[in-house]
1. From the set of residues in the stretch 34-68 that are assigned to a strand (DSSP E or B) and touching a residue at least 40 places away in the same chain (Cβ under 8 Å), which is farthest from N108 (Cα to Cα)?
2. Among the residues of the stretch 116-135, what is the count of those that are in contact (Cβ under 8 Å) with a residue 60 or more places away in the chain and in contact with a Phe, Trp or Tyr (Cβ under 6 Å, 6 or more places away or on another chain)?
3. Of all residues in the stretch 74-91, how many are small (G, A, S) and surrounded by fewer than 20 Cβ atoms within 10 Å (Cβ to Cβ)?
4. Can you tell me which condition E138 does not meet? The list is (1) farther than 19 Å from S113 by Cβ; (2) crowded, with 17+ Cβ neighbours inside 10 Å; (3) of a type outside the set (F, W, Y); (4) modelled with pLDDT under 90, and all the others hold.
5. Filter the stretch 92-107 for residues that are in a loop (DSSP other than H, G, I, E, B) and of a type in the set (A, V, I, L, M, F, W, C); which is modelled with the lowest pLDDT?
6. If a residue has to be among the small types (G, A, S) and at pLDDT below 95 to count, how many in the stretch 170-202 make the cut?
7. R205: over 14 Å from the mean Cα position of the chain (by Cα) and among the basic types (K, R), yes or no?
8. Select from the stretch 108-122 the residues that are under 11 Å from the mean Cα position of the chain (by Cα) and part of a strand (DSSP E or B) and write down the one among them that is surrounded by the fewest Cβ atoms within 10 Å (Cβ to Cβ).
Amino acid sequence: MKWSIFKGILVGGLATMALLPLQAQNDSVAPTVRERRWDQRTHLRYEGWERLKPTHLKWQYAGGMGLNSVGIGWDYGRRCQWETDFLVGFLPSKYAEKFRLTFTVKQNYIPWSICFKEHWMAEPFYCGLYLTTIAGEEFWKKEPGRYPNKYYNFSTKMRPYLFVGQRFGFSPRHELVRHISLFYELSTCELYLISKVTNKSLSMRDILRLSFGVKVQLFKERH
């Protein structure tokens, strides 16, 4: 899919994000009721050790965390607007000198979720950051002594990323699964941003990376 299409989708999401508060202001319903009319997320609060149970599963393709990544996550906040994920990915040997594992910690902020009728929902804009590390002794956090001082001013083992994205999902009304969402993200890391600042010939297309995946929201265990 062409870059112009993704740019159009992203601009449309940002426009939707800007219009939602204006629509709420024109509504005569009380603020708490206004919010719930289109945002029906509810945080399922666990007690005690149950808080360690993951609230969702994720699979992601690309994004600087391996070719494919799978993991678990936890949502929190009154409207589930915060998510923390832990993912394990892999990079096949055809994309590197040998098979590699990656490990990623990801923080998401999802300010809005719009419900359509009973089974469909959209999250027109969300953002966050993640930190990815790759397994292998040849990658380092600090510059090895064999190189001149400050020859490499960055870590080859860990990479921080920023991202924005959108999600679209539905509720299958299953006893175990609460929602299934499809998402895509545009991300970049600090090396790409530095390259953009120091090399004006680079375009946004050169420093942005596209990834997509699936999120499965789980039901709270019934007693």
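1. Ranking the candidates gives Y61 first.
2. Count: 1.
3. The first filter runs over the stretch 74-91 and keeps only residues small (G, A, S), leaving 77, 89.
From what is left, the residues that are surrounded by fewer than 20 Cβ atoms within 10 Å (Cβ to Cβ) are 77.
Result for the stretch 74-91: 1.
4. Unmet for E138, out of (1) farther than 19 Å from S113 by Cβ; (2) crowded, with 17+ Cβ neighbours inside 10 Å; (3) of a type outside the set (F, W, Y); (4) modelled with pLDDT under 90: (2).
5. A96
6. The qualifying residues number 3.
7. Numbers: over 14 Å from the mean Cα position of the chain (by Cα): yes; among the basic types (K, R): yes.
When the stated conditions are applied, R205 passes them.
8. Y109
The values are calculated or read from the model by the stated rules, or taken from the named source; none is laboratory data. A quick note: this is a predicted structure, and the numbers were derived from the prediction, not measured. Backbone-built Cβ (ideal geometry, glycine too); neighbour counts: all protein chains shown.
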